[in-house]
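The values are calculated or read from the model by the stated rules, or taken from the named source; none is laboratory data. Predicted model, so just to flag it, every value in this text is computed and none were measured. For neighbour counting, all protein chains shown are included, and Cβ atoms are generated from backbone atoms with ideal geometry for every residue, glycine included.
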Amino acid sequence: MPKFNKFEEIQAWQKALDVTLLIYKITCDENFAKDFGLKDQIRRASVSITANIAEGHGRRTNIEFANFLNIARGSVAEVQSHLYIAHGLNYITKDDFEKLYQSLTEISRMTLSLAQYLRTTTK
């Protein structure tokens, strides 16, 4: 497992950034934009994924980093849950739902793998 000099080098962070930017784009759609509560929640949760990966990277120990990766995974699940609501209300298409959900599942796996690795190494 490589050492990351900057959080921007972490592939899970890169993918999470892509998801967040797409979430922002999708939530600008007229119907979605009017639902202030859901729009705000899904945006905040998606931003939380990238923020926790970055913050964890900035911590002093691998254990702390792993803990922040677990928080990021929780935010992934939160975004996935919000996607079901957005799709159920016809705010997003089935294709957008599936694309985002699949990307989030991949991010979840990546953060889990990295957290497991970090817990087995010392720093």
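Just a yes or no: is a residue in the stretch 34-46 of a type in the set (D, E), at pLDDT 95 or above, assigned to a helix (DSSP H, G or I) and loosely packed, with under 13 Cβ neighbours inside 10 Å? Yes, the stretch 34-46 has at least one match.
Residues are listed down the side, and each one gets a yes or a no for (1) among the aromatic types (F, W, Y); (2) buried (at least 16 other Cβ atoms within 10 Å of the Cβ); (3) part of a helix (DSSP H, G or I):
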| site | (1), (2), (3) |
| --- | --- |
| W13 | yes, yes, yes |
| T20 | no, yes, yes |
| F68 | yes, yes, yes |
| Q102 | no, no, yes |
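Considering only the stretch 22-33, I want to know if a residue exists there that is within 27 Å of F4 (Cα to Cα) and either touching a His at 6+ places or on another chain (Cβ under 6 Å) or assigned to a helix (DSSP H, G or I) (or both). Yes, the stretch 22-33 contains at least one residue that is within 27 Å of F4 (Cα to Cα) and either touching a His at 6+ places or on another chain (Cβ under 6 Å) or assigned to a helix (DSSP H, G or I) (or both). The residue of the stretch 85-100 that is surrounded by the most Cβ atoms within 10 Å (Cβ to Cβ), among those that are without any contact (Cβ under 8 Å) to a residue 12 or more places away in the chain and more than 19 Å from D18 (Cα to Cα), is H87. Of all residues in the stretch 47-66, those satisfying the criterion of being within 11 Å of the chain's Cα centre (by Cα) and either among the polar types (S, T, N, Q) or surrounded by 20 or more Cβ atoms within 10 Å (Cβ to Cβ) (or both) are S48, I49, T50, N52, I53. Would you point out the residue of the stretch 47-70, among those that are among the charged types (D, E, K, R) and modelled with pLDDT under 95, that is nearest to L83 (Cα to Cα)? Selected residue: R59. Would it be correct to say that R119 is surrounded by fewer than 19 Cβ atoms within 10 Å (Cβ to Cβ), in contact with a helix residue (DSSP H, G or I) (Cβ under 9 Å, 6 or more places away or on another chain), basic (K, R) and not in a helix (DSSP H, G or I)? In short, no. Scanning the stretch 73-123 for residues that are small (G, A, S) and more than 27 Å from G37 (Cβ to Cβ) yields S113, A115.
I'd like to check something: does the stretch 73-81 contain any residue that is assigned to a helix (DSSP H, G or I) and farther than 29 Å from K6 by Cβ? Yes.
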